[in-house]
Amino acid sequence: MSKAIGFPLAKLAAKVMAGKTLKQLSFTQEIWPRYWAVKESVFPFNRFHGQDILLSPEMRSTGEVMGISTSYGQAFAKAQLAAGQKLPSSGTVFISVNDRDKRQLGTIGKELVSLGFKIVATRGTASALHATGVPCEEVYKVNEGRPNIVDLIKTSKVHLVINTPLGRESFYDEKSIRRAAIRYNIPCITTLSAAHAAVRGIHALIELKREVSCLQDLHSSRVAASGNPGTGD
């Protein structure tokens, strides 16, 4: 947050604890930057082969990055790129989601098709997509036959994986899919909210020219616009 708005919030908080007031520190208004800032944690799953990428209460992040842009989609895409997960601008998307998320698949599927992507899905997810009018091709799960989805990932026939599992009760093939995606450097998304953000990011990559800005310049422009370094825009 401090990097996004250009104020050392921890330092200011320490001064407040020592007796200073926010007015004395010239920090009395909420700051609204004229850009989006998306933070992304960096996880070293590619260094630990065989590990499932589902998150748990344990601390696994080894750092964090931030993407900034006047477009939310581009900010998200930049954050993913900085974290080592480059979103594709074309190709094939594999989708397999739990029953709770199937009701919300139509929007994502239609947007991906409109962007030129081909969709492959497991049987249940494929039925849900077909029900909303989204064309897709059915693919085997790991235990259903060959070639299955892991085979497609290994042979670079899938460029993005969207898999929302059942948590710790997920089936073996779901873990195999996520592990294969990490091993072969395929972006893997495990929540529907992140999938929506990824679609917006892909759209921005296709439609918009990529912006490159210095963080200090963005902070300077915000201060100039506000006319006071201690207030928001």
- prompt: Restricted to the stretch 146-176, and to residues that are modelled with pLDDT under 85 and small (Gly, Ala, Ser), which residue is nearest to residue 115 (Cα to Cα)?
  reply: 176
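How about the stretch 1-18: which of its residues are in a helix (DSSP H, G or I) and in contact (Cβ under 8 Å) with a residue 24 or more places away in the chain?
Filtering the stretch 1-18 down to residues in a helix (DSSP H, G or I) leaves 2-5, 9-17.
If the condition is that a residue be in a helix (DSSP H, G or I) and in contact (Cβ under 8 Å) with a residue 24 or more places away in the chain, then 3, 4, 5 are the ones that fit.
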query: So, of the residues in the stretch 47-70 that are surrounded by fewer than 13 Cβ atoms within 10 Å (Cβ to Cβ), farther than 19 Å from residue 198 by Cα and of a type outside the set (Ser, Thr, Tyr), which turns out to be modelled with the highest pLDDT?
result: 63
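I'm trying to understand the selection: among the residues of the stretch 70-91, which are of a type in the set (Ser, Thr, Tyr) and touching a Phe, Trp or Tyr at 6+ places or on another chain (Cβ under 6 Å)? Explain how you work it out, then say what you get.
Just the residues of the stretch 70-91 that are of a type in the set (Ser, Thr, Tyr), to begin with: 70-72, 89-90.
Once the filter is applied, which keeps residues that are of a type in the set (Ser, Thr, Tyr) and touching a Phe, Trp or Tyr at 6+ places or on another chain (Cβ under 6 Å), the stretch 70-91 yields 70, 72.
On the given criteria, is residue 15 of a type in the set (D, E, K, R), more than 19 Å from the chain's Cα centre (by Cα), at pLDDT 85 or above and surrounded by 13 or more Cβ atoms within 10 Å (Cβ to Cβ)? Quick ask: steps written out before the conclusion?
Numbers: of a type in the set (D, E, K, R): yes; more than 19 Å from the chain's Cα centre (by Cα): yes; at pLDDT 85 or above: yes; surrounded by 13 or more Cβ atoms within 10 Å (Cβ to Cβ): yes.
Judged against the criteria, residue 15 is a match.
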message: Residue pairs, Cβ under 9 Å, 6 or more apart or interchain, first in the stretch 189-201 and touching a residue at least 60 places away in the same chain (Cβ under 8 Å) and in the same structural domain as residue 103 (by TED's automatic domain parsing), second of a type in the set (Phe, Trp, Tyr) and in a helix (DSSP H, G or I). List them.
response: 197/72; 197/76; 198/76; 200/72; 200/76; 201/72; 201/76
- request: State which residue is surrounded by the fewest Cβ atoms within 10 Å (Cβ to Cβ) when the search covers only the stretch 77-103 and only residues that are among the small types (Gly, Ala, Ser) and at pLDDT below 90.
  value: 84
task: Being assigned to a loop (DSSP other than H, G, I, E, B) and free of Cβ contacts under 8 Å to residues at least 24 places away in the same chain narrows it down to one of 84, 145, 133, so name that one.
output: 145
Residue list for the stretch 18-42, restricted to those being surrounded by 11 or more Cβ atoms within 10 Å (Cβ to Cβ) and farther than 24 Å from residue 215 by Cα: 20, 22, 24
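The values are calculated or read from the model by the stated rules, or taken from the named source; none is laboratory data. Fair warning: this is a prediction, and the values are worked out from it, not measured in the lab. Cβ: placed from backbone, ideal geometry, glycine included. Neighbour counts: every protein chain shown.
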